[in-house]
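First the structure, in the form of structure tokens, and then the observations on it.
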Ligand SMILES: *Cc1c(COP(=O)(O)O)cnc(C)c1O
């Protein structure tokens, strides 16, 4: 199947209120162009260097979503390119985003708080309690160039649907709790980024607003 046909098959599964981020990491610019020409505008990349190489070769109205682990020394390069950073996973990273945004005169960088509800050491993100503790300090209010736009999470890579359901349910509950407790003064905190090729239909059942789908659109990646 062609990229555009696979794209259309994914679109057909998405309710109108769910946005698709086509994850194009490790796929060439011509593959992204094919998806773009079919009507896809939101793309996800996980490495700053790769995004920096691809972005200038694609139209300006592409929205780039950064979904990979972000090193602090790459923030400066990323900011001018990115629409939303999904991987806000530590205070030190958020402080660097704040610092660079101010330097670059970017008034609002959209950032999601990445949470880890798996027990896998390989996954990045805040532990829910660690995130609550940090938000309770109020320090996030000093990061005035950051627009906290919601929550991102991944479920465990497992065939056990029960585990996936439980994890997405936990993320959804945490998202609503944060919305109510810390971000009720704004309508900006509204993105729930969860669901990948293998589990996006489950994520949508749990209220995902943004699914991040790669291999179901672009095929297998070479690692
Ligand atoms: C690679 C990646 C995806 C897409 O995964 P697929 O299984 O190819 O759909 C989604 N989210 C993150 C954070 C990723 O790194």
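Let me confirm something: among 180, 144, 158, which residue is out of contact with any strand residue (DSSP E or B) (no Cβ under 6 Å at 6 or more places or on another chain), surrounded by fewer than 19 Cβ atoms within 10 Å (Cβ to Cβ) and under 20 Å from residue 202 (Cα atoms)? It would help to see each step written out before you state the result.
On the way: 180 fails: under 20 Å from residue 202 (Cα atoms); 144 fails: under 20 Å from residue 202 (Cα atoms).
None of the others qualify; the one that does is 158.
Determine whether segment 114-122 contains at least one residue that is exposed (fewer than 15 other Cβ atoms within 10 Å of the Cβ) and modelled with pLDDT of 95 or more. Looking through segment 114-122, none of the residues is exposed (fewer than 15 other Cβ atoms within 10 Å of the Cβ) and modelled with pLDDT of 95 or more. Within segment 139-165, residues that are free of Cβ contacts under 8 Å to residues at least 12 places away in the same chain sit with their Cβ atoms under 7 Å from residues that are within 14 Å of the ligand (Cβ to nearest atom), at 6+ positions apart or across chains, in these pairs: 158/164; 163/156.
Selection of segment 66-93 for residues being more than 16 Å from the ligand (Cβ to nearest atom), under 23 Å from residue 23 (Cα atoms) and in contact with a helix residue (DSSP H, G or I) (Cβ under 8 Å, 6 or more places away or on another chain) yields 72, 75, 76, 77, 79, 81. If the condition is being surrounded by fewer than 17 Cβ atoms within 10 Å (Cβ to Cβ) and closer than 19 Å to residue 192 by Cβ, then segment 77-93 contributes only 83.
Scan segment 209-220 and give yes if some residue there is under 16 Å from residue 163 (Cα atoms) and within 12 Å of the ligand (Cβ to nearest atom), otherwise no.
No, the conditions are met nowhere in segment 209-220.
Residues of segment 133-160 that are on the phi > 0 side of the Ramachandran plot and within 16 Å of the ligand (Cβ to nearest atom): 150 alone.
Scanning segment 176-197 for residues that are in a loop (DSSP other than H, G, I, E, B) and more than 16 Å from the ligand (Cβ to nearest atom) turns up 182, 183, 184, 185, 186, 187, 188, 189, 190.
The values are calculated or read from the model by the stated rules, or taken from the named source; none is laboratory data. On a predicted model such as this, the values are computed, not experimentally measured, just so you know. So basically every Cβ, Gly included, is an ideal-geometry build from the backbone, and we count neighbours across all protein chains shown.
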